[in-house]
Amino acid sequence: MSQDLAEVYRTTYRALVRFLYRKVWDAERAEDLAQEAFARAVVHKPDNARGWLFIVAANMARDDARRAARERRHLTLLTAEPQASEPAADDALHVENERTRVRAALEQLTPRDREVLLLWDSGVSYEAIAAQTGLARGAIGTTLARARRRLVEAYEAGQRGEHVARG
């Protein structure tokens, strides 16, 4: 670490952690993000280190919040699967086997394909899917078609005991 960056660290670290804490509301996460920002500063050697650190830290906190929100939505979608009333034992076993195969097929998709497919399946509009995933609005239909095809291929391969590589 250069002498100037060491001085910026001594004078800025606590303020940066406080700033990040107000964004993430988790003291340990704020400290981790501040440390990561300083590590990036060592690599990039910005001219105005203090200003650069606050901008990079804010971007990292925003990205962290987006990632957490995406993960929460995925968990919500998975836990929102309808629970059937008490079916017969054979029916319950069949339903559970089908769910297991569908989940296994979903796990074989790329994260982007899985996210687009699950968002669409939950009734989210193309515009909202595009905003959430960062894909262009016009690419959503194509991505969905490919994701559906890959899901079917993975599901059918699972029935045969094969594994389909992610596409």
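The values are calculated or read from the model by the stated rules, or taken from the named source; none is laboratory data. Computed from a predicted model, the values in this text were never measured in an experiment. Cβ placement follows ideal geometry from the backbone for every residue including glycine, while neighbour counts extend to all protein chains displayed.
Tabulated data
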{"quantity": "Matching residues, the stretch 3-53, being among the basic types (Lys, Arg) and assigned to a helix (DSSP H, G or I)", "calculated": "10, 14, 18, 22, 23, 29, 40, 50"}
{"quantity": "Candidates 112, 148 - the one that is of a type in the set (Lys, Arg), surrounded by 12 or more Cβ atoms within 10 Å (Cβ to Cβ), touching a residue at least 12 places away in the same chain (Cβ under 8 Å) and farther than 19 Å from residue 66 by Cβ", "calculated": "148"}
{"quantity": "Entirely in the stretch 62-167, the helices (runs of 4 or more DSSP H) that have 1 or more residues that are closer than 30 Å to residue 29 by Cβ and either modelled with pLDDT of 85 or more or among the hydrophobic types (A, V, I, L, M, F, W, C) (or both)", "calculated": "89-107, 111-121, 126-133"}
